[in-house]
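The values are calculated or read from the model by the stated rules, or taken from the named source; none is laboratory data. From a predicted model like this one, the values you see are computed outputs, not experimental measurements. A quick note on method: Cβ atoms are made from the backbone with ideal geometry, for glycine too, and the neighbour counts reach across all protein chains shown.
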Amino acid sequence: MEDNNLFIKIETSQLCVFVTLRFFEYGDPMSDKNTYTLPMDPARNIRKIFIEQSCQDIPYTRDILDRAKDIPVEVIPDRTTPPINAGPYPRSLTKGKKNLLLTTNRGSFFKPCPGTKEYCCCDYQVLNIGMNCPMDCVYCILQAYLNNPWISFFVNVDDLLSELDLAFHKTNQFWRIGTGEFTDSLALDSLTALSKTLVPYMRDKTGGVLELKTKSVSIGHLNGLDHGGRTIVAWSLNSPVIMSGEELKTASLDERLDAAVQCAEWGYKLAFHFDPIIYHQGWQDGYESTINKLFDRVPAEKIAWISLGALRFLPTLRPIALTRFPNSKFFHEEFVMGLDGKFRYFRSLRVEMYKHLLYHLRRRAHPATCLYFCMESDEIWQECGFQPGESKMLPTNLDKAVRTDA
Ligand code: SF4
């Protein structure tokens with residue numbers, strides 16, 4: 001990580017004081033001229049770029065390479081795997097995540113979020129822009145979903161936009177679209193600049209909104225885009241102990257909130273996700289302090305929605321995470337198998353944690369902000385103070401929070 005602090009020595013006749021200034025300028029992050037001073041850019045973790053042969057002449061690829069400057073590049077045959085000598089999976093992830101493969105998405109870009117019918121789902125649509133992530137969260141479900149250690153990014157963006165065109169033309173449905181399902185929405189944006197395509201594209205789409213969900217502060221390209229209020233910039237938040245100990249290479253809480261304030265000033269709507277909520281010593285104070293910091297800094301009326309989701313994971317994730325992060329403790333708690341085949345905390349503990357967070361959120365949230373649970377049953381909603389049937393209204397209420405045409 002770069003040292004982004006500037007130390008200024010101020011000398012007076014009897015005193016010598018060192019003052020630390022932290023730069024916060026959001027210009028073009030990969031520009032030479034710019035004082036590139038963001039606290040942390042996960043794209044800087046990329047050490048090598050591989051390109052599938054058929055992708056090398058796509059203009060989008062050329063643009064990425066222009067921005068990548070000194071990062072070594074290797075062209076590989078189509079449908080082959082990058083020759084990375086990183087050992088067996090999952091240990092290979094640590095090294096593998098430093099490699100970016102520019103490739104083509106040969107399947108669909110646009111799909112409904114794979115929610116399960118047993119729990120209340122928000123009817124989200126996933127826009128699949130790539131796989132894997134340069135940051136490294138201990139609980140990241142991608143470690144169990146994927147079996148490749150490198151990061152893939154799809155450069156056939158024209159196909160992506162054609163699919164979106166079709167979706168917007170064929171129905172009157174209102175689409176809430178997110179790119180953060182199989183990767184982080186902005187972690188590589190200083191390299192890929194995908195936001196500069198997607199955000200203006202959504203500008204006139206009255207039939208939907210785009211949510212860019214991140215744990216980074218790579219927001220430089222969002223500056224000055226004509227977003228028309230149709231892009232929501234969202235951050236995952238957690239207790240400070242979890243953010244600093246279990247979310248490696250991510251931005252700190254203060255950095256995330258500073259970036260959120262900046263996006264609000266640029267006119268973007270915001271969202272926050274307390275997900276996964278993790279049981280740990282001092283969790284009550286930890287989550288309370290994050291919620292207080294959030295509302296001390298960020299204008300409440302700018303927040304479209306805030307979600308809550310307790311830790312849940314596929315059984316295969318635990319051994320993978322413990323192999324990679326043996327000192328991590330939270331996987332050693334007791335869990336119960338949910339109806340969706342994922343482990344989760346016992347119901348009583350989930351309700352206790354949800355009630356605590358909701359109490360502090362409700363005290364300070366704007367009345368128009370939609371608070372909701374991600375993948376919980378109607379019974380849990382009611383136990384936590386929601387009205388009967390409110391969970392069933394979730395998609396409508398989320399739409400209401402951002403629709404300007406309704
Ligand atoms: S930021 Fe998201 S996608 Fe990236 S490692 Fe963490 S959980 Fe996974």
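If the condition is being in contact with a Phe, Trp or Tyr (Cβ under 8 Å, 6 or more places away or on another chain), away from the ligand (no atom under 15 Å from the Cβ) and in a loop (DSSP other than H, G, I, E, B), then region 117-134 contributes 120, 122. Of all residues in region 56-80, those satisfying the criterion of being within 16 Å of residue 150 (Cβ to Cβ) and either aromatic (Phe, Trp, Tyr) or more than 26 Å from the chain's Cα centre (by Cα) (or both) are 72, 73, 74, 75, 76, 77, 78, 79, 80.
In region 240-320, which helices (runs of 4 or more DSSP H) lie fully inside it and hold 3 or more residues that are more than 15 Å from the chain's Cα centre (by Cα) and away from the ligand (no atom under 14 Å from the Cβ)?
253-265, 283-297
Pairing each residue of region 378-406 that is of a type in the set (Phe, Trp, Tyr) with any residue that is part of a helix (DSSP H, G or I), provided the two are 6+ apart or on different chains, yields C-beta distances under 6 Å for 381/391. Note on region 193-222: residues that are more than 16 Å from the ligand (Cβ to nearest atom) and either under 18 Å from residue 130 (Cβ atoms) or outside any loop (DSSP other than H, G, I, E, B) (or both) total 15. When residue 94 is tested against the conditions (1) within 16 Å of the ligand (Cβ to nearest atom); (2) buried (at least 18 other Cβ atoms within 10 Å of the Cβ); (3) not charged (D, E, K, R); (4) not in a loop (DSSP other than H, G, I, E, B), the lone failure is (2). Quick check on residue 307: is it surrounded by fewer than 16 Cβ atoms within 10 Å (Cβ to Cβ), under 25 Å from residue 146 (Cβ atoms), at pLDDT 95 or above and small (Gly, Ala, Ser)? No; evaluated as a whole, the condition is false for this residue. If only residues of region 162-179 that are of a type in the set (D, E, K, R) and in a helix (DSSP H, G or I) are counted, the one that is farthest from the ligand (Cβ to nearest atom) is 170.
Only residues that are within 21 Å of residue 348 (Cβ to Cβ) and crowded, with 16+ Cβ neighbours inside 10 Å: list them for region 379-396, please. Those that are within 21 Å of residue 348 (Cβ to Cβ) and crowded, with 16+ Cβ neighbours inside 10 Å: 380, 381, 383, 384, 386, 391. In the set (1) modelled with pLDDT under 90; (2) away from the ligand (no atom under 16 Å from the Cβ); (3) exposed (fewer than 15 other Cβ atoms within 10 Å of the Cβ), the condition left unmet by residue 114 is number (2).
The set of residues from region 223-239 being away from the ligand (no atom under 16 Å from the Cβ) and either touching a Pro at 6+ places or on another chain (Cβ under 7 Å) or not small (Gly, Ala, Ser) (or both) comprises 223, 225, 226, 227, 230, 231, 232.
When residue 182 is tested against (1) buried (at least 20 other Cβ atoms within 10 Å of the Cβ); (2) within 27 Å of residue 397 (Cβ to Cβ); (3) within 16 Å of the ligand (Cβ to nearest atom), only condition (1) is not met. Restricting attention to region 135-150 and to residues that are among the aromatic types (Phe, Trp, Tyr) and assigned to a loop (DSSP other than H, G, I, E, B), the residue that is farthest from the ligand (Cβ to nearest atom) turns out to be 150. Considering (1) modelled with pLDDT of 95 or more; (2) surrounded by 21 or more Cβ atoms within 10 Å (Cβ to Cβ); (3) more than 16 Å from the ligand (Cβ to nearest atom); (4) in a loop (DSSP other than H, G, I, E, B), the lone condition that residue 105 does not fulfil carries the number (2).
Residue pairs whose Cβ atoms lie under 7 Å apart, sitting 6 or more positions apart in sequence or on different chains, and linking a residue in region 151-177 that is among the small types (Gly, Ala, Ser) to a partner that is part of a strand (DSSP E or B), are 152/101; 152/103; 152/130; 152/131; 167/110; 167/175.
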